[in-house]
Ligand SMILES: CC(C)(COP(=O)(O)OP(=O)(O)OC[C@H]1O[C@@H](n2cnc3c(N)ncnc32)[C@H](O)[C@@H]1OP(=O)(O)O)[C@@H](O)C(=O)NCCC(=O)NCCS
């Protein structure tokens with residue numbers, strides 16, 4: 001993050017880069033490089049991936065080549081969703097980790113936390129059991145979110161006909177409506193596969209409770225998980241959903 005901010009005055013783009021950014025964002029700023037610099041200064045987060053740095057903020061992502069300081073492109077955050085394929089299963093580790101609720105101000109747990117059997121059960125041998133269904137969200141070729149279901153004896157288990165949900169969006173992509181889009185696609189997929197309900201378990205103080213309620217989930221009961229967190233068991237019945 002600091003590298004990009006420290007080198008902000010070195011940023012430049014090409015003529016094609018300017019046209020691409022103006023077209024993608026639908027803006028007509030006179031000086032695209034200055035516009036990008038200002039946007040990058042106010043970015044919520046900047047992450048490095050391969051040779052590029054990605055600055056996220058104001059609902060857009062700006063891609064910069066880290067070595068040459070060239071602004072390559074910029075896009076509106078508008079992920080596409082699709083059914084999960086076998087080749088996507090490798091990313092489940094990452095999305096399982098991000099599905100763990102971390103209250104504001106708490107330190108991130110180590111990545112190894114997902115190996116806890118109570119957590120790993122959500123992805124172990126995924127694809128082998130009835131009810132193993134999933135969808136993913138992609139932004140410019142990068143997988144940025146995943147939602148999947150399983151019928152397992154985990155926190156949110158209701159019965160053997162009700163797949164239980166796990167969902168997460170990469171932190172820098174939260175709050176842009178991607179989760180909502182992903183869930184509607186998942187409901188459709190579940191229905192196509194003969195299911196009429198899905199359940200989940202969520203910590204009572206997770207803001208995602210509101211997200212689930214907006215999606216039509218209802219609180220069925222309260223319970224404690226294995227480490228003593230107070231959770232809601234929630235159910236969504238999408239029987240009436242048009243396939
Ligand atoms: C919950 C989550 C999947 C929603 O996806 P999203 O793309 O951010 O959601 P949308 O933009 O469609 O909707 C925004 C809603 O998501 C929830 N949300 C937004 N940021 C969130 C965050 N950092 N943590 C948890 N929930 C969040 C809120 O309910 C928000 O609605 P609100 O503004 O009324 O509070 C996503 O925020 C996430 O991955 N959160 C962390 C992991 C998690 O809590 N998973 C659920 C475990 S049960």
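The values are calculated or read from the model by the stated rules, or taken from the named source; none is laboratory data. A quick note: this is a predicted structure, and the numbers were derived from the prediction, not measured. Backbone-built Cβ (ideal geometry, glycine too); neighbour counts: all protein chains shown.
See the values below:
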quantity: Matching entry among 224, 158, 186 (being crowded, with 20+ Cβ neighbours inside 10 Å and out of contact with any helix residue (DSSP H, G or I) (no Cβ under 7 Å at 6 or more places or on another chain)); calculated: 186
quantity: Residues that are within 8 Å of the ligand (Cβ to nearest atom), in contact with a strand residue (DSSP E or B) (Cβ under 9 Å, 6 or more places away or on another chain) and in a loop (DSSP other than H, G, I, E, B), drawn from the stretch 175-205; calculated: 175, 176
quantity: Any hit, the stretch 150-158, residues being under 10 Å from the mean Cα position of the chain (by Cα) and either under 18 Å from residue 201 (Cβ atoms) or in a helix (DSSP H, G or I) (or both); calculated: no
quantity: Residue in the stretch 160-170 that is over 23 Å from residue 222 (Cα atoms), under 10 Å from the mean Cα position of the chain (by Cα) and modelled with pLDDT under 95 present; calculated: yes
quantity: Residue tally, condition modelled with pLDDT of 95 or more and in contact with a helix residue (DSSP H, G or I) (Cβ under 7 Å, 6 or more places away or on another chain), over the stretch 130-147; calculated: 7
quantity: Hits in the stretch 161-172 (condition: in contact (Cβ under 8 Å) with a residue 60 or more places away in the chain, within 11 Å of the ligand (Cβ to nearest atom) and out of contact with any helix residue (DSSP H, G or I) (no Cβ under 9 Å at 6 or more places or on another chain)); calculated: 172
quantity: Test: residue in the stretch 60-83 that is assigned to a helix (DSSP H, G or I) and loosely packed, with under 13 Cβ neighbours inside 10 Å; calculated: no
quantity: Failed item in (1) surrounded by fewer than 16 Cβ atoms within 10 Å (Cβ to Cβ); (2) more than 10 Å from the ligand (Cβ to nearest atom); (3) under 24 Å from residue 228 (Cα atoms), with residue 102 passing the rest; calculated: (2)
quantity: Meets criteria (within 16 Å of the ligand (Cβ to nearest atom) and not assigned by TED's automatic domain parsing to the domain that holds residue 148) for residue 59; calculated: yes
quantity: The one condition in (1) at pLDDT below 95; (2) on the phi < 0 side of the Ramachandran plot; (3) within 12 Å of the ligand (Cβ to nearest atom) that residue 238 fails to fulfil; calculated: (3)
quantity: Condition check for residue 21: in a strand (DSSP E or B) and within 19 Å of residue 141 (Cα to Cα); calculated: no
quantity: Test: residue 17 is touching a residue at least 12 places away in the same chain (Cβ under 8 Å), farther than 20 Å from residue 176 by Cα and in the same structural domain as residue 206 (by TED's automatic domain parsing); calculated: no
quantity: Residue tally, condition part of a helix (DSSP H, G or I) and within 15 Å of the chain's Cα centre (by Cα), over the stretch 91-119; calculated: 8
quantity: Residue 147 touching a residue at least 40 places away in the same chain (Cβ under 8 Å) and surrounded by 13 or more Cβ atoms within 10 Å (Cβ to Cβ); calculated: no
